[in-house]
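The values are calculated or read from the model by the stated rules, or taken from the named source; none is laboratory data. Since this is a predicted model, take the numbers as computed values, not measurements. Here the Cβ positions follow ideal geometry from the backbone for every residue, glycine too, while neighbour counts run over all protein chains shown.
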Amino acid sequence: MKVLPLKRFSSQRGAALFVAIFLIIVVVLAAAIVTLTSVTQQTGQVRAAQADQAWYAALARLESEIASILTSGDCPVATNQPFAGLQTSLTCERVEVVEGAVSYLIFNLQAQAVMPGNIPIRRSASVQIVGDSP
């Protein structure tokens with residue numbers, strides 16, 4: 001029995017390597033897209049939670065000042081105070097209104113909370129209080 005040598009297909013060399021490299025690149029790109037999408041989604045959820053925290057810190061600052069305004073009849077001293085771990089600022093404007101024989105006070109309050117970071121988050125809340133004139 002005679003053994004024949006195997007034929008070499010010189011034109012087929014490297015085709016399997018090319019297909020393998022192509023498939024590896026496609027899989028790596030798909031994994032990168034999934035990872036980037038996941039990171040972006042998680043970052044957005046974290047920033048939304050931080051924005052909510054800043055909003056509630058601004059509301060807490062307003063609520064803490066309303067009682068003192070109603071008892072004293074004057075704007076509080078504007079200071080930066082921490083609420084819920086965030087720096088807050090308060091602006092207050094006192095307006096006395098006289099309509100005929102009736103007079104009353106209007107207090108315009110605005111509180112702002114800031115969460116520092118690469119992109120700082122700022123949220124503000126406003127309230128208007130109407131009280132009797134002293």
Answer residue from segment 122-134, given it is of a type in the set (S, T, N, Q) and farther than 13 Å from L70 by Cα and is surrounded by the fewest Cβ atoms within 10 Å (Cβ to Cβ) among those: S126
Complete set of residues in segment 81-121 that are of a type outside the set (V, I, T) and surrounded by fewer than 12 Cβ atoms within 10 Å (Cβ to Cβ): P82, G85, E93, E96, E99, G100, A101, P116, G117, N118, P120
Where G44 falls short, out of the listed (1) at pLDDT 90 or above; (2) on the phi > 0 side of the Ramachandran plot: (2)
Number of the exception - S38 against (1) outside any helix (DSSP H, G or I); (2) modelled with pLDDT of 95 or more: (1)
Subset of segment 101-128 (residues that are under 17 Å from L86 (Cβ atoms) and out of contact with any Ser or Thr (no Cβ under 7 Å at 6 or more places or on another chain)): V114, M115, P116, G117, N118, I119, P120, I121, R122, R123, S124, A125
Check on I69, at pLDDT 90 or above, of a type in the set (V, I, T) and outside any strand (DSSP E or B): no
Only listed residue being surrounded by 13 or more Cβ atoms within 10 Å (Cβ to Cβ) and either part of a helix (DSSP H, G or I) or not hydroxyl-bearing (S, T, Y) (or both), chosen from L17, L59, L29, L23: L59
